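Report on the structure given below.
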Amino acid sequence: MGEEMIKPYGDTLNDGMVQLSFTLPVENSSRAKKAAEIYVSRLNFEDVSVVHARKIADNFTYFVVYARAIPILDYSTVKAPEFKIKPMDFYEINEIIKIKLHRPLTVVGATIGSDAHTVGIDAIINMKGYDQDYGLERYPEINAYNMGAQVPCEELLEKAIDVEADVILISQTVTKKNAHIRNFSEFIKLLEEKNLKSRFLLIAGGPGISNDLALRLGYDAGFGPETRPSQVASFIVTKITEQKSAKRKYDGDPP
Amino acid sequence: MGEEMIKPYGDTLNDGMVQLSFTLPVENSSRAKKAAEIYVSRLNFEDVSVVHARKIADNFTYFVVYARAIPILDYSTVKAPEFKIKPMDFYEINEIIKIKLHRPLTVVGATIGSDAHTVGIDAIINMKGYDQDYGLERYPEINAYNMGAQVPCEELLEKAIDVEADVILISQTVTKKNAHIRNFSEFIKLLEEKNLKSRFLLIAGGPGISNDLALRLGYDAGFGPETRPSQVASFIVTKITEQKSAKRKYDGDPP
Amino acid sequence: MAHIPLNTKQIDRLKQLAKEIADQVQTFISRHSSVSVERTILRLYGVDGVDSERTPLSNKIIDKLKKKSRIKSGVSRFFAGAMLASGRDVQTTAELIDQGKIELDDLSRFSHADILEKEKELAQKAAAALDETRKKKQEKLKKYPSPQQPWRYLIVATGNIYEDRIQAKAAVSAGADVIAVIRSTAQSLLDYVPYGPTTEGFAGTFATQANFKIMRQALDEVSEKEGRYIRLVNYSSGLCMAEIAACAALEDLDILLNDSMYGILFRDINMKRTFIDQYFSRLICSRAKIIINTGEDNYLTTSDAIENAYTVTASQLINEAMAQKALLTADLLGLGHAFEIDPKIENAFLYELAHAQLARQLFPKVPLKYMPPTKYKSTDIFYSHCIDTLFNLASITTEQGIHLAGILTEAIHTPHMQDRYQALCSVNYVFNVARELGKEIEFRKDGFIAKRAQQVLDEVEPFLEKIKEIGLMEAIAQGKFANIRRPVDGGKGLEGVFEKAVDYSNPVMEQLEQEGGIHG
Amino acid sequence: MAHIPLNTKQIDRLKQLAKEIADQVQTFISRHSSVSVERTILRLYGVDGVDSERTPLSNKIIDKLKKKSRIKSGVSRFFAGAMLASGRDVQTTAELIDQGKIELDDLSRFSHADILEKEKELAQKAAAALDETRKKKQEKLKKYPSPQQPWRYLIVATGNIYEDRIQAKAAVSAGADVIAVIRSTAQSLLDYVPYGPTTEGFAGTFATQANFKIMRQALDEVSEKEGRYIRLVNYSSGLCMAEIAACAALEDLDILLNDSMYGILFRDINMKRTFIDQYFSRLICSRAKIIINTGEDNYLTTSDAIENAYTVTASQLINEAMAQKALLTADLLGLGHAFEIDPKIENAFLYELAHAQLARQLFPKVPLKYMPPTKYKSTDIFYSHCIDTLFNLASITTEQGIHLAGILTEAIHTPHMQDRYQALCSVNYVFNVARELGKEIEFRKDGFIAKRAQQVLDEVEPFLEKIKEIGLMEAIAQGKFANIRRPVDGGKGLEGVFEKAVDYSNPVMEQLEQEGGIHG
Ligand code: B12
Ligand code: B12
Ligand SMILES: Cc1ncc(COP(=O)(O)O)c(C=O)c1O
Ligand SMILES: Cc1ncc(COP(=O)(O)O)c(C=O)c1O
């Protein structure tokens, strides 16, 4: 594949047009506007138009800016880990579990840490599901446990061991001060301490999660906004059937 | 004055938070999101969050991004030419013309080129004025001629010579493809050709004009959005009385 | 639907006054023609193309006729003669005239009857062409159903027709029902129609027949894809009002900006020229089923929207009366108005509702063209987006016809692709969540809104009486509309106006007039 | 004002049902107390401060009492005894207890009458403190008039009280009337009130008495500057409901988030604990003239806003009934609801108007707390801004009391300074241009809106009947609210609940109850 040089687009290819808005900790004045212009030019823009400047507090000015971005990106060099999983529907998924695994799958999910947001994990696990797509509880071939929110890592792990889970689903919504990263990592650390890292298929999810980020954090996959349960189930089934054919290995305590 | 290092402000000093939105000429996908992230990082940002990505046409994706800008600007080094003119009101201005000049001032204004926007120049010249501030026509000590829009440069200059204008006011609203810069410069060129550059006080105005830009284009001042007529009149009176004390010189054709 | 109690007697009086005003102007119009009307006849006869300097053939032929001082008789007769002389097709004949190989004003060789017959033949072909576009559009409307009103109208304005095409398709996929290609700045002052596909406009793309074709084809493709008929708009007001109408008809356009006064007030085009041109242009629109959009919204950019609301209503009534003379049926009458009240005014939204509802009730059957806020848009795009959102609500609540989407960057630049998308997100959201709000609410009797609507009507009546008294031309000269004064013999294009000689003929006009309005 | 015809008999029936439900719960409440009620008594007596591990003195003393298994008699009597023993002021006495220098449960040295008298004295001082804050606020309201409703309510949530102060002032200068400092994530699960000025919260700033003071002072400054009284809000629902109410009263706060069920449903706090705590906290609010805000809006984040609208109304009725038991007058009752309908639903805005108008008419005198759209906010901030704009319109049209500004970045982050500014631009714009829209319109009789409101009421009635039958606790256990099930003895904080012994005393509660509601 050849080069594919791209720039932002306003109304003409490669015009580089970008809209910005930000606040600077200075009083509004011609000098403040100039500062905004200079600042944006340091961000690798040219033709900087500070179209709006307005005092919004003592010593703070809010700006709206349009400017042309200078960098050119070769899109052919951009890589992002996409799922190469074939999306399946409710019926296909149950069928495959029945035929290939000969036993139901067990899934445990929770929102860990002090995060109290359950709607995301509920959307994946609870009967009702999300966007007209049934939740995992509804799958006859899946045993799903939803522990809700504010669940300590230890408790989640205990439950997973208890019910002999195949998969652990973890949700995080609060991202402020990287709370989600801290919590996701804490769970991985706990697993590592107990030598249980490869016992479970580990799936992360939440509005601030991408597959990319999840892999970096040590999870097997990550699902972001608008995820439908069947996507998650497709991933689970594909992975677990793969693992089965490659014979499952435990590197921790004996089964 | 010491250094004053500034960065954009979201909710914590120097957090560098900036909001961006732009469109890239690629289909929406994980790779497109990654490209947006990489692109924004090339614009000297870190912690890039591509919070929204959406297909808006075949092969075009629209993004909303929040990210932290890296550059730090020393605000103490930022200079912008501000008017050092004392703002006066209607009565003061008329009074000064009477006392210091002993004759009324003559002003000619127009929107030049193919630009048909008159509301801006009308706001400055016509009786009614702008934002509760009388227009120049209302000043007993000012003779104001408003030629309207779509006026060719030659016609405007002719009129100015004709009525022995002290001041020429030029408005430009259309900025697309730098139409305003071309038109403003054309008038300056015409004056230079005729050796009349310093015969008039030259004032530019319009939504895309700053004093800074006007000076660079060879005008004596530039007025942007929200200008009130009395600000323009204050500038005119101050400049002309200054010139008077410094004796007016013509560098072109004799009076 | 929400309703304001209005006095039907008063409405009848207003409509009668408007008709009388239009009658006076019509008397003037019928005695005159213009170079651009004549060029239009040539275009409808089939004359096309430009010379190496890109001057249109139609212009060159009319200029020749003018030079020969034969213009007062109209071009039709002479061109018919030339056709007889050449014995060739229209285009070849025109080229032969241009090359000086046929003498344009030499009619002596043919009988009056032969010429008349040729003229009739040419006029019939012209009318047939207009009938054909009408039918073609009606066919398409059967295939792809017309979206429900208010139609979502979006502009494109890159200057490059090919770039515009991309933008237009994007807008349609986000929900646009109507695409308008904004003309290049000041094209309306050109006394000819530019030619060919163009890529170099300023804040707009030249209106050319080729550009019309390119865009219409693109929209046909998306109509198919989206399963709804997408209308195409361009501008005809200006020095080439009727010619552009002809080009638009030939390329199956659906809507033309076409106002009887816009050019006069906002382009300083001579008023005689404008009145003459608009009449013929509208006859063409009527036959080709092109909806016209009038420009009352513009008044509120130069004068205050509350103070001068009555001028908008008065102008709508006059535009309606003049359009009726040109045989336009109600379904083709996109009378304009706008949401332009200073948002600093308390209850501004109530005023807007009153004005929009008044227009709705005064003209219950027309596809009202509702213009978005522009004048009080801020460069703070977030704030501007809010204003547009309430505009969208006013539109759906008062059941407007053609809804020009407000754009959050209005005070900054002609829209970028994403600006249009964002605008449509707001329109789509509001139209969906408030779809039947108009049906749900009543305005309080004797409330603010009802009183305000009545007040506007009460201001219209003496205003129209005054105009009737002094005549529309004098009224415009006195600055009664949009606070702009235009002398009767001032402005551009007067030199192109002439009084018809006794032997003047415009068989196209005659045929359209005689065959009357097309219904259904 | 716009009006929906409702059946007053039906409304009376609903209010009666709610009262009966509250009566049942009240029977339970009056037989129980909790550790946090006891800590509140200490705080109101004047106990303050923390030890070197930042454990509050009030917690330490109650823990001591618990360890000695004397908690069932309540702390008041023992503390009064300790006061007699120490002969010192409250704080010193508390410190002496903490240091083990005074034995807390040794009451033998003093007569019953002396202890009773001491208790009375302490309770009177407590009540006087609550009276003082009430009067102080009334004084300020004379100096700086209260802004007209809907009040513009903005949140700050940086985690750092000093940064919050900057944000709050900015919001006020852009038009905010009310500032709420969002609590640090999960503070409601702490069984103590953190201490001192804090700078390290997560997505919120800790609710501490010192933080209250810092923010109240900042707002006093801006009230002065802006010439209008700016109200301060914090949260009390959680494990320290009554204690936070006490701290808030002592620092002149104006509004507390205080719901009888929120903690149960959304924080998994034990329901017995919550019902006990909310009662005492509300008695305090009543005396200190703190407006309470209830949390029905939250139901719609986990259950559907159309399907479960009746649960919101039912909960408002129950919250009202329980608040009346705690002597809260209508002007202090900020019943909650929200604009949370899926914008993909056709006529969603009509549903919203119906729900908002219904709340307005069912509770005509209360300052309704109207929550903005949150659940269907998009990360497309421009689109989200449109939704907020219609929310603002619904609010002004139906004359809501406390208007939480919707923020365009709701689906992304806690608001930045400019987000708040942009939100206020929309609120200010809409409130101004549609100020009297509610007065101008009527909803069509038998129209969609009227029918929808009636339908909700018709769903509320059997629902309340069912709850009355099984009891509120069982109803919650069955997941009747917000689709969340909470077992009667599940959740956090049950260990802090105890049955009152025969010699139990809470003289503060007694005095507040006896002296009744404060009017005016
Ligand atoms: C509902 C809600 C609440 C409810 C939660 C009720 C409940 N039981 O969940 C209540 C009102 C209780 C609440 C409280 C708070 N909230 Co809240 N809340 C929201 C809100 C409005 C919607 C979230 C939601 O339900 N989305 C719908 C679901 C379906 O989407 P989702 O979570 O992204 O889930 C999808 C995918 O991400 C994925 N997914 C999610 N998890 C998982 C897991 C797995 C394994 C997989 C495969 C997929 C997956 O699949 C789902 C379906 O597609 C958001 C704002 C918004 N509009 O996003 C704020 C928001 C998330 N809340 C926020 C905050 C700060 C709070 C508080 C901390 C505020 C405070 N200080 O009091 C509190 C405390 C909460 C706490 N301790 O965690 C912030 C977070 C800021 C940040 N980026 O850190 C937000 C963004 C609001 C804001 N702008 O301030 N909140
Ligand atoms: C009103 C208006 C029109 C009216 C003009 C009527 C008239 N007689 O003026 C009509 C409808 C005719 C019109 C037409 C067009 N318009 Co126009 N119009 C506007 C609009 C809505 C408002 C402009 C305005 O009146 N502002 C109010 C005045 C008071 O503000 P102001 O001009 O900034 O003036 C102040 C200061 O700048 C200063 N000032 C201005 N001039 C001077 C001069 C001096 C000497 C001094 C001291 C000060 C001064 O003082 C004034 C008072 O404070 C703007 C959008 C917007 N909201 O800004 C678009 C806008 C300016 N128009 C635009 C365009 C493209 C056009 C068209 C070219 C579109 C087309 N292709 O058909 C046409 C053709 C016009 C042409 N040939 O020039 C674009 C320009 C894009 C760009 N940046 O280049 C805009 C921004 C809209 C858009 N987003 O597309 N327009
Ligand atoms: C009726 C009408 N015609 C034409 C135009 C535009 O014409 P021009 O190309 O002259 O700007 C407008 C602009 O709004 C209009 O309202
Ligand atoms: C009534 C009520 N109390 C408290 C809260 C917040 O409590 P927490 O700090 O537990 O998130 C809310 C949140 O919206 C609420 O509605």
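What to note about this one:
Let's see how each residue does on (1) assigned to a helix (DSSP H, G or I); (2) under 25 Å from D:Asn7 (Cα atoms); (3) of a type in the set (Lys, Arg):
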residue	(1), (2), (3)
D:Val430	yes, no, no
D:Arg435	no, no, yes
D:Lys439	yes, yes, yes
D:Glu461	yes, yes, no
D:Gly490	no, no, no
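- Elements of type helices (runs of 4 or more DSSP H) contained in segment B:102-203, each with 3 or more residues being within 13 Å of chain C (Cβ to nearest Cβ) and not polar (S, T, N, Q): B:119-125, B:179-193
- Any hit, segment D:183-199, residues being within 14 Å of another protein chain (Cβ to nearest Cβ) and farther than 24 Å from D:Gly263 by Cβ: yes
- Considering segment B:87-117, the residues that are touching a Ser or Thr at 6+ places or on another chain (Cβ under 6 Å) and hydroxyl-bearing (Ser, Thr, Tyr) include one that is farthest from ligand 1 (Cβ to nearest atom), namely B:Ser114.
- For first residues located in segment C:506-520 and free of Cβ contacts under 8 Å to residues at least 24 places away in the same chain and not assigned by TED's automatic domain parsing to the domain that holds C:Leu283, partners that are of a type in the set (A, V, I, L, M, F, W, C) and surrounded by 14 or more Cβ atoms within 10 Å (Cβ to Cβ) and lie 6+ apart or on another chain with Cβ distances below 8 Å do not occur.
- Residue that is surrounded by 22 or more Cβ atoms within 10 Å (Cβ to Cβ) and aliphatic (A, V, I, L, M), where the choices are C:Ala309, C:Ala330: C:Ala309
- For B:Asn94: the one exception among (1) in the same structural domain as B:Arg216 (by TED's automatic domain parsing); (2) among the polar types (S, T, N, Q); (3) surrounded by fewer than 19 Cβ atoms within 10 Å (Cβ to Cβ): (3)
- The set of residues in segment C:24-42 being surrounded by fewer than 20 Cβ atoms within 10 Å (Cβ to Cβ) and either in contact with a Gly (Cβ under 6 Å, 6 or more places away or on another chain) or without any contact (Cβ under 8 Å) to a residue 60 or more places away in the chain (or both) consists of C:Gln24, C:Thr27, C:Ser30.
- Members of segment D:281-301 that are assigned to a helix (DSSP H, G or I), within 16 Å of ligand 4 (Cβ to nearest atom) and either away from chain A (no Cβ under 14 Å) or out of contact with any Lys or Arg (no Cβ under 9 Å at 6 or more places or on another chain) (or both): D:Ser281, D:Arg282, D:Ile284, D:Cys285, D:Glu296, D:Asp297, D:Asn298, D:Tyr299
- Residue identified as in a helix (DSSP H, G or I) and either out of contact with any Phe, Trp or Tyr (no Cβ under 9 Å at 6 or more places or on another chain) or modelled with pLDDT of 95 or more (or both) among C:Asp331, C:Asp304: C:Asp331
- Qualifying residue in segment C:232-243 (condition: part of a helix (DSSP H, G or I) and within 12 Å of ligand 3 (Cβ to nearest atom)): yes
- Close pairs from segment C:53-69: first surrounded by 20 or more Cβ atoms within 10 Å (Cβ to Cβ), partner small (Gly, Ala, Ser) and assigned to a loop (DSSP other than H, G, I, E, B), Cβ under 7 Å, at least 6 apart: C:Leu57/C:Gly49
- Looking only at residues of segment C:285-319 that are closer than 17 Å to C:Tyr370 by Cβ and among the small types (Gly, Ala, Ser), we find that the one that is farthest from ligand 2 (Cβ to nearest atom) is C:Ala309.
- For segment C:78-118, a residue qualifies if it is exposed (fewer than 13 other Cβ atoms within 10 Å of the Cβ) and hydrophobic (A, V, I, L, M, F, W, C), and exactly one does: C:Ala113.
- Against the list (1) out of contact with any Leu (no Cβ under 6 Å at 6 or more places or on another chain); (2) under 30 Å from C:Thr374 (Cβ atoms), the condition B:Lys100 fails is (2).
- Being free of Cβ contacts under 8 Å to residues at least 12 places away in the same chain, more than 16 Å from ligand 4 (Cβ to nearest atom) and in contact with a Lys or Arg (Cβ under 6 Å, 6 or more places away or on another chain) is a property that D:Glu346 has.
- Checked against (1) modelled with pLDDT under 95; (2) among the hydroxyl-bearing types (Ser, Thr, Tyr); (3) crowded, with 24+ Cβ neighbours inside 10 Å; (4) more than 24 Å from the chain's Cα centre (by Cα), D:Thr158 passes all but condition (4).
Each row is one residue, and each column tells you yes or no for (1) within 12 Å of ligand 4 (Cβ to nearest atom); (2) surrounded by 21 or more Cβ atoms within 10 Å (Cβ to Cβ).
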site: D:Gln167; (1), (2): no, yes
site: D:Thr185; (1), (2): yes, yes
site: D:Gly196; (1), (2): no, no
site: D:Ile214; (1), (2): no, no
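- Of all residue pairs spaced 6 or more apart or on separate chains, those with beta-carbon atoms under 9 Å, a first member in segment D:379-393 that is without any contact (Cβ under 8 Å) to a residue 12 or more places away in the chain and within 7 Å of another protein chain (Cβ to nearest Cβ) and a second member that is of a type in the set (Val, Ile, Thr) and assigned to a helix (DSSP H, G or I) are D:Cys386/C:Thr389; D:Cys386/C:Val430.
- Condition broken by C:Asp268, with the remaining ones in (1) free of Cβ contacts under 8 Å to residues at least 60 places away in the same chain; (2) surrounded by fewer than 24 Cβ atoms within 10 Å (Cβ to Cβ); (3) acidic (Asp, Glu) satisfied: (1)
- Odd one out for C:Lys225, checked against (1) within 14 Å of another protein chain (Cβ to nearest Cβ); (2) within 14 Å of ligand 3 (Cβ to nearest atom): (2)
- Answer residue from segment C:395-418, given it is more than 15 Å from C:Ala157 (Cα to Cα) and touching a Phe, Trp or Tyr at 6+ places or on another chain (Cβ under 6 Å) and is surrounded by the most Cβ atoms within 10 Å (Cβ to Cβ) among those: C:Ser395
- Members of segment A:54-86 that are under 26 Å from the mean Cα position of the chain (by Cα) and either within 16 Å of ligand 1 (Cβ to nearest atom) or in contact (Cβ under 8 Å) with a residue 60 or more places away in the chain (or both): A:Leu73, A:Asp74, A:Tyr75, A:Ser76, A:Ala80, A:Pro81, A:Glu82, A:Phe83, A:Ile85, A:Lys86
- Residue within segment C:296-319 that is away from ligand 1 (no atom under 16 Å from the Cβ), within 16 Å of C:Lys480 (Cβ to Cβ) and free of Cβ contacts under 8 Å to residues at least 40 places away in the same chain present: yes
- Restricting segment C:1-59 to residues that are of a type in the set (Gly, Ala, Ser) and part of a helix (DSSP H, G or I) leaves a set whose member that is farthest from C:Lys72 (Cα to Cα) is C:Ala18.
- Each residue in segment B:97-116 was checked for being surrounded by fewer than 20 Cβ atoms within 10 Å (Cβ to Cβ) and within 16 Å of ligand 2 (Cβ to nearest atom), and 3 pass.
The values are calculated or read from the model by the stated rules, or taken from the named source; none is laboratory data. Note that the structure is predicted; figures quoted are calculated from it, not measured. Note that we place each Cβ from the backbone using ideal geometry, even for glycine, and neighbour counts take in every protein chain shown.
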